[in-house]
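Worksheet: one structure, shown below.
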Amino acid sequence: MKISEPVIRKGFFWKAGHEDHKVSGTLTAKNGGGVELEIIGHFNEDIMPIFNHELESNFVVYGQLDSDNYATLYNCYYRKNTNSLTSGVSTSIIKPQTTILGVAFDEENPRPTYKSVYFELSDISPWIDVSGFKLVLPHNQKRFLIDFTLPEHIEVQLENIGTFKIEFNANYPIGFKQEINLKQTTAFKIYPNTPIEFERATEVVSKIQHFVMLATQKVISLENVKAILSEGDEEISEKSPPTIVKWYYESSPFQSASKKTTKEDILFTISKVADKLEPRLNKWLEIYQKAQPAIWLYFSFMTGAHRYSESAFLSLSQSAESYQRYMTGEKKISFKQRMRALLEPFTHLCKFDIDSFLEITTITRNYLTHYNEDIKSKSAKGLELYFL
């Protein structure tokens, strides 16, 4: 998760079930989505287990903050604690797996549900090739007009999930004099058919993030994730303003330094698939569910998880092999046959000799898998392996 500037909140915190024992602390969310809570003292009134290094894990922490009102921290554990016998001041650093700002849930409802989820994705302007801007140049060259009409939102139905929307907005200054900065922004929203739990929501968000990564061939980071709490009693919730909370968690994939997406890298833009986005996105979710290991292998290559060309090549070849097996159910065919079956629909687009490609791909894969010295000289190396 991308966080441009650290989110720092001070307040009082307590462990679930021990509201009468509050300690002061500072909550910090850093780029990447990781959160740390540094407290003065300890959550345990009995500090002997801490002195004996018997640190508790997998507990829930609540907080009352200087802004955002409240916080709930799930799956917490002690990362570090210091105990000063001379000054009497002790500190502890606690790491949660998930942090929700805006609410502290009571003991009876520790796992709430949400009726909508909002999120953004970094560096996707070239993929969102939908613009509301229009430059009007009249005959008088001393005067020109910039016209902006907000593009229509894109809405599709996701099977067994609900409504998915791509919404467009615009940021513009008020009271400008000599400079104007207008920007069209894009947000993604999920409106589930029934209130959705956090784990299920983040799973859907991740799959949509990977869909955009497939389109752009770049690591796209998640950012600015929010959700509207399901209040339970619809009649009461309609009369009161919705409870909006912010989510922080270490989502994957993530790159600390953004890399601009270029048009040359993009496989397809949103305008190219807008009229058929619903069936294609649903097909992607179906494939993801069916061939998840193969997809993870592919994205591990894309995110640069492999330092060496050999391991990157093996990850790609195994991904292709697994994908073909998952999608067709064919079990007793060779690697070379699987690769040929994958390529066949696209041979008219391939600007290389298919047979030569299949031959060297198979030899290189077999060598790197089994290290058979008899085929070592025929396998790809160096620049040839990189191109392969």
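The values are calculated or read from the model by the stated rules, or taken from the named source; none is laboratory data. Keep in mind the model is a prediction, meaning the values are calculated, not measured. Positions of Cβ are generated from backbone atoms using ideal geometry, with glycine treated the same way; all protein chains shown enter the neighbour counts. Remember, those area values only see protein heavy atoms, side chains included, never the ligands or the DNA or RNA. Shrake-Rupley method; radii C 1.70, N 1.55, O 1.52, S 1.80 Å.
Side notes on the structure shown:
- Packing, taken as the mean count of other beta carbons within 10 Å per residue, orders the peptides 185-192, 220-227 from highest to lowest as 220-227, 185-192.
- Accessible area of the chain belonging to carbon and sulfur atoms, whole % at 1.4 Å probe: 51
- Cross-link table K351/K378; K260/K351; K80/K260; K142/K165; K134/K260, entries beyond 30 Å C-alpha to C-alpha: K80/K260; K142/K165
- Computed on the Cα atoms alone, the convex hull of the chain gives a volume of 255 cubic angstrom per residue.
- Within the shell of other residues whose beta carbon sits under 12 angstrom from the beta carbon of I93, the net charge comes to +1, with Lys and Arg scored +1 and Asp and Glu -1.
- Reduced Cα scattering model of region 96-165, Debye log10 I(q)/I(0), q = 0.13, 0.24 Å⁻¹: -0.73, -1.19
- Spatially proximal aspartates and glutamates relative to K331 (Cα-Cα < 19 Å; intrachain offsets below 8 disregarded): E321, E344
- Partner aspartates and glutamates for K218 [C-alpha distance under 18 Å; skip if fewer than 8 residues away on the same chain]: E120, D123, D129, E264, D265
- Set of aspartates and glutamates with alpha-carbon distance to K15 below 14 Å, sequence-local pairs under 8 removed: E38, E45, D46, E56, D106, E107
- Selection from Y308, L281, T262, by position along the positive dipole direction of region 261-369 (Cβ): L281
- Shape index of region 291-365: Rg/Rh, with Rg the Cα radius of gyration and Rh the Kirkwood radius from the inverse mean 1/r over Cα pairs, equals 0.97.
- Cα long-axis angle, helix 277-290 against the chain (0 to 90 degrees, to the nearest 10): 90
- Between Q324, Q337, Q292, the Gaussian network model of the chain with springs among Cα atoms under 10 angstrom shows the greatest mean-square fluctuation at Q337.
- The Cα atoms of region 184-342 define a convex hull whose projected area, averaged across directions, is 12.9 nm².
- Most mobile listed residue (R143, R307, R338) in the chain, GNM with C-alpha springs under 10 Å: R143
- Per residue of the chain, the DSSP helices (runs of n ≥ 4 H) give a summed -39500 (n - 2.57) that works out to -8500 deg cm²/dmol at 222 nm.
- Residue by residue, region 59-64 carries 3J(HN,Hα) couplings of 10, 9, 10, 10, x, 10 Hz when phi is fed to the Karplus relation 6.51 cos²θ - 1.76 cosθ + 1.60 (θ = phi - 60°); x denotes Gly or Pro.
- Between the helical axis of 198-216 and the longest alpha-carbon principal axis of the chain there is an angle of about 40 degrees.
- Degrees between helix 354-370 axis and first principal axis of the chain (Cα, 0 to 90, nearest 10): 50
- Candidates N69, N193, N171: whichever shows maximal mean-square fluctuation once the chain is modelled as a Gaussian network with Cα springs under 10 Å: N171
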